[in-house]
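Worksheet: the structure to be examined is printed underneath.
The values are calculated or read from the model by the stated rules, or taken from the named source; none is laboratory data. In this text the structure is predicted, and so the values were computed from the model without any measurement. Don't worry about glycine lacking a Cβ; one is built from the backbone with ideal geometry, like all the others, and counts go over all protein chains shown. Areas reflect the complete protein model, heavy atoms only, side chains present, ligands, DNA and RNA absent. Shrake-Rupley method; radii C 1.70, N 1.55, O 1.52, S 1.80 Å.
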Amino acid sequence: MKTIGLIGGMSWESTTEYYRIINEEVRDVLGELHSAELILYSVDFFIIEQLQHSGEWDEAGRILADIAVKLEQAGADLILICTNTMHKVAQQVEDATEIPIVHIAEPTIRSIQEQRLTQILLLGTRYTMVEDFYKGRYAGSGIEVQIPDEPALAEVNQIIFEELCLGVIREQSRARMLAIIEAARQKGAQGVVLGCTELELLIRDEDVTLPIFKTAELHAKYAAKEALR
């Protein structure tokens with residue numbers, strides 16, 4: 001079994017899901033009392049969020065790259081950045097190590113293609129929805145990416161940072177998210193990508209008629225398979 005290095009804490013609520021899912025996948029494949037070989041480095045998210053907010057992405061990338069080196073030195077064979085937004089610095093992290101970074105977008109793209117969908121709604125932080133570091137991975141995939149209009153986009157970003165990252169789950173926020181998803185469905189969206197790991201804590205499969213693609217879950221399951229390959 002390969003050892004998975006996790007760069008977590010962004011936020012820790014979603015990192016716990018990575019830990020759970022990876023271990024469940026390994027147990028399901030190997031049976032008995034098997035669990036995953038994992039090394040977790042959990043950051044102080046306050047510091048990372050401040051760097052995001054001030055646009056100091058190079059510094060944020062340096063911090064994650066230093067962590068990746070420590071994970072490699074500790075014995076990790078592959079690395080997961082347990083958040084969508086910080087994949088903005090994924091190349092900087094990958095350049096610092098000799099081991100692969102499993103990009104969070106790739107398992108999701110494969111899953112969408114398997115269902116033969118051609119247009120999806122992307123929900124996540126403002127950085128993920130607006131910038132190309134995530135959406136750009138869809139280029140050439142045959143999948144069109146739709147994002148909410150500005151007022152709804154701001155709402156999604158606010159719910160993530162001011163509620164979900166603090167462990168707060170509000171029914172009114174769930175209802176608002178579902179309304180945004182319905183509006184996208186009427187514009188042609190065939191599925192919903194939860195491009196923020198915290199959104200998986202709010203939006204449930206039974207809430208939505210469209211297929212939901214949970215990036216954190218898909219990322220974690222893919223990494224477990226890679227570790228067992």
TODO: Provide a single number: the residues in region 121-138 that are crowded, with 23+ Cβ neighbours inside 10 Å and not aliphatic (A, V, I, L, M).
DONE: 4
- [ ] May I ask you to list the residues in region 113-155 that are over 27 Å from R170 (Cα atoms) and part of a loop (DSSP other than H, G, I, E, B)?
- [x] Q115, R116, L117, T118, E131, A139, G140, S141, G142, I143
- [ ] Tell me which residues, restricted to region 142-155, are exposed (fewer than 15 other Cβ atoms within 10 Å of the Cβ) and under 20 Å from the mean Cα position of the chain (by Cα).
- [x] E144, A154
TODO: Test H34 against the stated conditions and say whether it is free of Cβ contacts under 8 Å to residues at least 24 places away in the same chain, touching a helix residue (DSSP H, G or I) at 6+ places or on another chain (Cβ under 7 Å) and either in a loop (DSSP other than H, G, I, E, B) or buried (at least 22 other Cβ atoms within 10 Å of the Cβ) (or both).
DONE: yes
Open item on the list: Of the conditions (1) modelled with pLDDT under 95; (2) in contact with a Lys or Arg (Cβ under 9 Å, 6 or more places away or on another chain); (3) crowded, with 18+ Cβ neighbours inside 10 Å, E106 satisfies every one except a single condition; which number is it?
Closed with: (3)
Task: Residue in region 156-169 that is farthest from I203 (Cα to Cα), counting only those that are open to solvent by less than 30 Å² (accessible area, probe 1.4 Å) and in a helix (DSSP H, G or I) - done: C165
Open item on the list: Take the conditions open to solvent by less than 30 Å² (accessible area, probe 1.4 Å), over 21 Å from L71 (Cβ atoms) and of a type outside the set (S, T, Y) and apply them to G5. Does it pass?
Closed with: no
TODO: Identify the residue in region 78-109 that is free of Cβ contacts under 8 Å to residues at least 40 places away in the same chain and in a helix (DSSP H, G or I) and, among all such residues, is farthest from E13 (Cα to Cα).
DONE: D95
